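Visitor: Got a structure for you, questions after.
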Amino acid sequence: MSAVLETPVPVFRPMTDADLDQIIQIENSAYTHPWTEMIFLDCLRVGYSCWIMEVDETIIAYGVMSVVAGECHLLNLCVKPDQQNSGYGSLLLEHLLILAREHKANIAFLEVRPSNHVALHLYQQAGFDEVGMRRNYYPAVIGREDAIILARHLA
Ligand SMILES: CC(C)(COP(=O)(O)OP(=O)(O)OC[C@H]1O[C@@H](n2cnc3c(N)ncnc32)[C@H](O)[C@@H]1OP(=O)(O)O)[C@@H](O)C(=O)NCCC(=O)NCCS
C-alpha cells in the first residue's frame, strides 16, 4: 500500500481548458519530454476522460485516458513533483480505473519507460502485467527509449 495520505483529502473533477496553464507547468516540471498544451487541448476536444485531482483548489495531479470498445488506454498520469510519493498517484490511478469500469472497459493498457521505476512499481502494485514492448518508442535525452506495454483486466 502507498504512503498514508495526510489531510486534506483531494477532490476529483473533470479537466477543462482553464486548467491548462497550471497543468502545463506541472507537466514541464515532471517529465523530460512533456506533452504540449495542444496535445491536452486535442484530448479534451475528442472527449477523452481527463481528470484533475486538487487540494484547496490547487491542482496536484491529473490523468488522461480513452475508453473505447471495452478498452481503456491510460495516456497520462502525473503528480506534481512536490506532492509525489504521498499516495496521490495510486489514488488517481484507482479513480481512473473505477471510471473505466463504469464506462464498460474490461481491460486497461498503458505504456511506460523502462527507466521510470516509480511508475513501473505503481502499475505493478496496481495489478498491471507486461504484455509487450515497443522498440525505440520514446524520445530520450540521448537517442530513443523503448516502451513497455502493460495491461490489466478490469473485471
Ligand atoms: C509515477 C507517479 C504518477 C507516481 O505517483 P506518486 O504519487 O509519486 O506515487 P505514490 O505515492 O502513489 O506511490 C506509488 C508507489 O511508488 C512508490 N514510490 C513513489 N515515489 C517513490 C520514489 N521516489 N522512490 C521509490 N518509490 C516511490 C511508493 O512507495 C508506492 O509504492 P507502494 O505502493 O509499494 O508503497 C509520479 O511519480 C509522477 O507523476 N511521475 C512523473 C510523471 C510520470 O512518470 N508519470 C507516469 C508516466 S507512465
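Every read-out reported here was derived from the displayed coordinates using simple, explicitly stated rules and does not represent laboratory data. Predicted, not measured: the structure shown is a model, and the values here were computed from it. Quick reminder, even Gly has a Cβ in these numbers, built from the backbone with ideal geometry, and neighbours come from all protein chains shown.
Visitor: Let me check the size of the range 1-135 from its C-alpha atoms; what are the radius of gyration and Dmax in Å?
Guide: Taking only Cα atoms of the range 1-135, I get Rg and Dmax of 14.3, 42 Å.
Visitor: With the contact rule set at Cα under 8 Å and sequence spacing of 6 or more, what percent relative contact order holds for the chain? Don't jump to the answer; show the numbers that get you there.
Guide: Values: 258 pairs, mean separation 30.0, N = 155.
Result for the chain is 19 percent.
Visitor: Still on this structure: List the trypsin sites (Lys or Arg not before Pro) within the range 104-153 that DSSP assigns to loop and that have no more than 14 neighbouring Cβ atoms inside 10 Å.
Guide: When the trypsin sites (Lys or Arg not before Pro) of the range 104-153 are filtered for loop state and at most 14 Cβ neighbours within 10 Å, 104 remain.
Visitor: Here's something else I'd like to know. From the helices alone, meaning DSSP H stretches of at least four residues, give me the mean residue ellipticity at 222 nm for the chain, per-run term -39500 (n - 2.57), in deg cm²/dmol to the nearest 500.
Guide: Numbers: 4 runs with 44 residues, N = 155.
Result for the chain: -8500 deg cm²/dmol, rounded to the nearest 500.
Visitor: What is the calculated FRET efficiency for residue 103 to residue 82, with r their C-beta to C-beta distance and R₀ = 25 Å, to the nearest 0.05? Don't skip to the answer; put the middle values down first.
Guide: Numbers: r = 32 Å, r/R0 = 1.27.
So the FRET efficiency works out to roughly 0.20.
Visitor: Expressed as a whole number of Å, what is the distance separating the alpha-carbon centroids of the range 42-90 and the range 91-105?
Guide: Centre-to-centre (Cα) distance: 11 Å.
Visitor: When 107, 142 are ordered from fewest to most other Cβ atoms inside 10 Å of their Cβ, what list results?
Guide: 142, 107
Visitor: A follow-up question, please. Return the distance in nm (one decimal) between the two label points of a simple spin-label model at residue 12 and residue 57, each offset 7 Å from Cα along Cα→Cβ.
Guide: 2.3
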